[in-house]
1. Return a yes/no flag: does the range 371-391 have any residue that is at pLDDT below 90 and closer than 30 Å to VAL60 by Cβ.
2. Under the condition of being buried (at least 17 other Cβ atoms within 10 Å of the Cβ) and either outside the structural domain of CYS311 (by TED's automatic domain parsing) or of a type in the set (Phe, Trp, Tyr) (or both), which residue from the range 261-294 is farthest from ARG38 (Cα to Cα)?
3. Tell me which residues, restricted to the range 337-377, are polar (S, T, N, Q) and part of a helix (DSSP H, G or I).
4. I'd like the full set of residues that are in contact (Cβ under 8 Å) with a residue 60 or more places away in the chain, under 20 Å from LEU368 (Cα atoms) and of a type in the set (D, E, K, R), limited to the range 247-269.
5. For ALA179, state whether it is at pLDDT below 75, touching a Phe, Trp or Tyr at 6+ places or on another chain (Cβ under 6 Å), assigned by TED's automatic domain parsing to the domain that holds GLY91 and farther than 29 Å from SER113 by Cα.
6. Within the set of pairs 6+ apart or on separate chains, which have a first residue in the range 353-375 that is within 21 Å of ASP336 (Cα to Cα), a second that is assigned to a loop (DSSP other than H, G, I, E, B) and of a type in the set (S, T, N, Q), and C-beta atoms under 7 Å apart?
7. With LEU65, LEU85, LEU99, LEU72 as the choices, which residue is without any contact (Cβ under 8 Å) to a residue 40 or more places away in the chain and in contact with a helix residue (DSSP H, G or I) (Cβ under 9 Å, 6 or more places away or on another chain)?
8. Determine whether PHE300 is crowded, with 18+ Cβ neighbours inside 10 Å, of a type in the set (Phe, Trp, Tyr) and within 20 Å of ASP260 (Cα to Cα).
Amino acid sequence: MQIGFIDYSHDERNKILSTLKLLGDQTALDELGIGVVRDAYADLLFPGISTLQTRAKYFVLIPYLFQSAKELAEKGKIQSGQEMLKWINEGEDRLAAALTNNCPAGEVGIIGSNAYRNKRSVKVKPSTIYWSGLRTFGILRGDGLSISAACKLSVSAAKWKAAVEIKSDGESFDDPTAANMGSTLFLPIHPDYDYLKDSFIDLTRKEALFLSECIQHSPFTAGSLLAFFVQNKMVCEDFLSVPEEILPANLRQDYRLARDFSRFIYGAHVRYNVIYSDYTDAAVIEEFNSWREAFLSESFDIDPVLDRVTCGPALADFCRAFLDTVIWNDVDAMDDLIVRREIQVKGARAKLRKPEEYRYDPNHPVHLYRLDFRFDRASVIIRDILKGLEAAENV
C-alpha cells in the first residue's frame, strides 16, 4: 500500500502527518516490516476500514456537512474553498459537542469528546480519518480528490450555479452539466433531523440502509468480507471464528491466506521478544515453543500468501528464511535473521541488542498479538450498521 499526498494544502498535509503519527503511536508497531502484507490483506478483506475509524456514523455525518456547506456557498455565504474547509472543520467540532451531549455517558467512539470536555478542538478531524473510506465505499465520487480540493470544487460549482441561469425555453447553453459540477461529489444522503444539534452516534435506519447498499455495491468493497458480513447480517467474535466454510470460494481463499499469515508471523514477533528480553522472559520463551509446536502440526506454504499481494523481495526473503529456520529449529540462525531484519527495516532505531538505549518491559512486549487485519475496527462498523437496520422506520 502506498501513502501519498495529492493536492493537499500545507495545513491538510500536517493534519495527515498527525494522523499517521497517531496511528504509529497506537497500533502500527512494525519492527519486522511486515506492514505491507498486513495492510494488503486488510484492504482485500475490509476495504475502506482504517484503524482510526471509531463508528459508522461519520460515514454519513461528513457528507451532511459538505452538503450544508455547499448550500451556504450557493447563497454566497461561503466564498472560497478555504472558507468552506474552515466551516466544515468548525462543524465537526459542533458535532463533537452534540454527540457528547446527546449520547449516554461512557459512549465510545465519539471523536473529539475529550477535547470538547476540555474546551478545545480536536486536531485530527473525522473528515481526515474517514476521507479514504468514503471514497472506497463509493460515497465520495472524486477519484484522488483531497478535502481541500473538494471544497474548492464545491465553491466553484456554487458560484457557477449562481451566475448562470439554465434556460429551458429552447435557448442554447454551452454545457448544461457545468452548473452541477461539484454537486455530485457525494452520493445523495440527506438528514431528516437537525444533525448539527440532534445527532446520536447510532445510525438511523435510513442511514444504515444507505451504508449497507454502498458497501455491497461499491466496486471497491463488493465481494469483500466486509460486504459479506453486511449482506448476511453477520458478526463474529474474532478473526479466527469467521465461518470460512460458508464464504464464496475466492473470499474463502483470501481469508485463509490472511489467517495463515497471521499464524505464521506471530511466531516471528514472539521470537523478537525472546531476543529483546535477552532470553530472560520465561513466559515468551514458553510461548514461542508452544507456537512452534502448534505451527508445525499444520501444513503451511508461504508462497501463495506472498503471491496474492504485492510484496518486496526483502520481506519475501525474510519470510521464507524464517520459515526455514523454524522447520529446522535453527534458533541461532533464526535470531540472527530477526536482528538483521529489524536493522534493515529500522536502521539506527532498531531495538535488539542495544540495551543501553532500549529496555525490554515484560508487561509491554512488542507486537505480541496476532494480526486481525482491521477485523476489530470493521466489527464496530458492521455492528453499527446492523443495529441501525433493526431501528424503527421513524427513528
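1. Yes, the range 371-391 has at least one match.
2. Looking at residues that are buried (at least 17 other Cβ atoms within 10 Å of the Cβ) and either outside the structural domain of CYS311 (by TED's automatic domain parsing) or of a type in the set (Phe, Trp, Tyr) (or both), I get TYR276.
3. Scanning the range 337-377 gives a single hit, GLN344.
4. Passing the criteria: only ARG263.
5. Yes.
6. TYR360/SER277
7. Only one candidate passes the filter, namely LEU72.
8. So PHE300 does not fit the description; no.
The values are calculated or read from the model by the stated rules, or taken from the named source; none is laboratory data. What you see is a predicted model, and the numbers here were worked out from it, not measured in a lab. Virtual Cβ from ideal backbone geometry, glycine too; neighbours counted across all protein chains shown.
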